[in-house]
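Read the structure below first, then the notes.
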Amino acid sequence: MRFALDTEQRAFAASLHAMLTAADTPSVIRDWARGDPARGRALWGRIGAAGVFALAVDEKYGGAGPRPVDLAVAFVELGRHAVPGPLVETVAAAVLLAGPALAERFLPSIAAGHTLATVADRERGPEGSPGAGRALDGEVAGVRLVRAADGLWLAPGHGPVRRSLDPARRLTELSPGGELLTRDPPKDALGWARLATAAQALGVGLALLDRTVDHVRRRTQFGVPVGSFQAVKHRLADARIALEFARPLVFGAAVTMDPADVAAAKVTACEAAYRTAVTALHLHGAIGYTAEYDLSLWLGKARALRTAWGTPEECRDAVLDGDAGRP
């Protein structure tokens, strides 16, 4: 069987790529990391107008979905351009709020890109650290959700901002109490979040690889481009193979939305992006360590996504548990 994106999906990806290229995302990311979200919010509005968040929302509530394959197409491009903000968390919130009693209240604004949403888990925060219970970008989110053992809560506020592995991923603890939205939220939000994270990581890895290939073509040593050295070619080829192996797993998981498939895609794409980040850092040399160099924006994101919405160990356990239950 040959799986490939159709013409409309490729055109959708190309339009997002063109829009995000024109947006000068590195400067948007740096503003966001400094706590100035104005340009990021404006970009978010354009992403929403392009229909990205509508892909996780039913048509009855102003969405165009659920369409997980198209969502994965979009998140590859969002990762390729390292767009800041609670992108995955907004998708997870859209799924958590999909119940009839809540959907009309929250989903039209989320689908249109007017509302940013974030989610905290009392057992695991977005960086994967046990007990963190922190939310991504809680200070800019209009909807702040807390998943707890007794249900889904709407948090009334947030605590101070804390640094993440990625400076543009600003973590906040959500205030306790608030409104109890439902005692039985949908169970598939984690799968959607992991799929979006996997696609985003794939895009981050592809961007890192492209930037590194361009760098080794320009950089010379002993009078020849560094990229002509066999050892450099091997490192880049290994990174390319890892990313290309992850790509069909991501889109295959989007087709099935089986928890084990999604977990396999998440761990494979995030590990491929992380290994590509290590290769990019090695081949750039000392300049790759500097915060002023744009490469650092993608390096930090590759590290953070690796443990967001499930560590590699948690995802591997989910794959094994899922495989054990299959005939």
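So if I check each of Ala74, Ala11, Ala4, which one is free of Cβ contacts under 8 Å to residues at least 40 places away in the same chain and assigned to a helix (DSSP H, G or I)? Lay out the reasoning, then the answer.
Details: Ala74 fails: free of Cβ contacts under 8 Å to residues at least 40 places away in the same chain; Ala4 fails: assigned to a helix (DSSP H, G or I).
Ala11 is the lone residue from the list that is free of Cβ contacts under 8 Å to residues at least 40 places away in the same chain and assigned to a helix (DSSP H, G or I).
Of the numbered conditions (1) buried (at least 17 other Cβ atoms within 10 Å of the Cβ); (2) part of a loop (DSSP other than H, G, I, E, B), Ala246 fails exactly one; give the number of that condition.
Just one mismatch for Ala246, condition (2).
Hey, among the residues in region 174-196 that are of a type outside the set (A, V, I, L, M, F, W, C), surrounded by 14 or more Cβ atoms within 10 Å (Cβ to Cβ) and at pLDDT 90 or above, which one's nearest to Gly138 (Cα to Cα)?
Going through the qualifying residues, I end up with Gly178.
Looking only at region 209-243, which residues are basic (Lys, Arg), within 18 Å of Ala286 (Cα to Cα) and under 23 Å from the mean Cα position of the chain (by Cα)? First the steps, then the outcome.
Filtering region 209-243 down to residues basic (Lys, Arg) leaves 211, 217-219, 233, 235, 240.
Within this subset, residues satisfying the condition of being within 18 Å of Ala286 (Cα to Cα) are 211, 217-219, 235.
Result: Arg211, single match.
Among the residues of region 83-100, are any on the phi > 0 side of the Ramachandran plot, of a type outside the set (D, E, K, R) and within 10 Å of the chain's Cα centre (by Cα)? Full working, then the answer.
To start, the set of residues in region 83-100 that are on the phi > 0 side of the Ramachandran plot comprises 85.
Next, from what is left, pick out any that are of a type outside the set (D, E, K, R): 85.
Going one step further and asking which of them are within 10 Å of the chain's Cα centre (by Cα), we end up with 85.
Taking every residue of region 83-100 in turn, at least one turns out to be on the phi > 0 side of the Ramachandran plot, of a type outside the set (D, E, K, R) and within 10 Å of the chain's Cα centre (by Cα).
Go through (1) out of contact with any Lys or Arg (no Cβ under 9 Å at 6 or more places or on another chain); (2) under 19 Å from Pro167 (Cβ atoms); (3) small (Gly, Ala, Ser) for Gly35 and report which single condition fails.
Single failed check for Gly35: (1).
Collect the residues in region 283-295 that are in a helix (DSSP H, G or I) and either hydrophobic (A, V, I, L, M, F, W, C) or in contact with a helix residue (DSSP H, G or I) (Cβ under 7 Å, 6 or more places away or on another chain) (or both), keeping them in residue-number order. Walk me through how you get there before you give the answer.
Keep residues of region 283-295 that are in a helix (DSSP H, G or I), which gives 283-289, 295.
Residues satisfying the conditions are Leu283, His284, Ala286, Ile287, Gly288, Leu295.
Just name the residue that is modelled with the lowest pLDDT out of those in region 32-59 that are among the small types (Gly, Ala, Ser) and part of a loop (DSSP other than H, G, I, E, B). So that I can check it myself, show each step before the final result.
Residues of region 32-59 among the small types (Gly, Ala, Ser): 33, 35, 38, 40, 42, 45, 48-51, 54, 56.
Next, only the ones that are part of a loop (DSSP other than H, G, I, E, B) stay: 35, 50-51.
On the way: Gly35: 94, Ala50: 97, Gly51: 97.
Out of the qualifying residues, it is Gly35.
The values are calculated or read from the model by the stated rules, or taken from the named source; none is laboratory data. Predicted model, so just to flag it, every value in this text is computed and none were measured. Please note: Cβ atoms are built from the backbone with ideal geometry, for glycine as well, and neighbour counts cover all protein chains shown.
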